[in-house]
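The values are calculated or read from the model by the stated rules, or taken from the named source; none is laboratory data. What you see is a predicted model; the values in this text were computed from it and never measured. To get the accessible areas, we keep the full protein, side chains included, count just its heavy atoms, and leave off ligands, DNA and RNA. Shrake-Rupley method; radii C 1.70, N 1.55, O 1.52, S 1.80 Å.
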Amino acid sequence: MSWRGALIGLLALALRGAAPAWDASPAWDLRATLAADGRSLAVEGRFAPGDADTFLVEAEAAPFVSGVEVDREGRWEPVAPQDGQWRVSGAEARGARLRWRFDLAAASAVRGSGVRRFGDGYLARPRTFVLRPEEFIAGRAARLA
């Protein structure tokens, strides 16, 4: 297994460890893909109804999130940031499918961003690069692959 695969695996285990019970269809279902150059992540997530319409990451990591889009009936539409948060109308009522990019390399150059260089790669906590509802129902299962 490459260091990239190991890093994504460690992040998945960290998030899985935080979830109370592993569920075949978790409330948050996320997939992170490392870019070929290893400097950024492409992340896609499905969020079940019941949580908030506003999504965020750690405040120090927000500048490194870009290209946030929401799936609206099969069409990807951009979601503009507002003060380091992304509002997705209807997400609380209907759920949401989002995708975005996270710049690991740029974040690692900023102290306190939550991303550190680790050999030829980067180490980041999921809360650094995973958009999550501002308010959410505690105890719901999540999966990060």
Quiz item: Which sequence of 29, 51 reflects their accessible areas, 1.4 Å probe, from the largest down?
Solution: 29, 51
Quiz item: Ordering 76, 86 from largest to smallest accessible area (1.4 angstrom probe), what's the sequence?
Solution: 76, 86
Quiz item: What is the gain in length, in nm to one decimal, between residue 94 and residue 125 on full extension, counting 0.36 nm per residue of separation less the C-alpha to C-alpha distance?
Solution: 8.4 nm
Quiz item: Across 10 Å bins from 0, what is the distribution of all Cα-Cα pair distances for region 84-127, in whole percents?
Solution: 22, 39, 24, 14, 1
Exercise. Enter the accessible area of residue 123 (Å², nearest 10), with the probe set to 1.4 Å and all protein chains included.
Key: 80
Practice problem: May I ask you to give the average projected area over all directions of the convex hull of the Cα atoms of region 43-145, in nm² rounded to one decimal? | Solution: 6.9
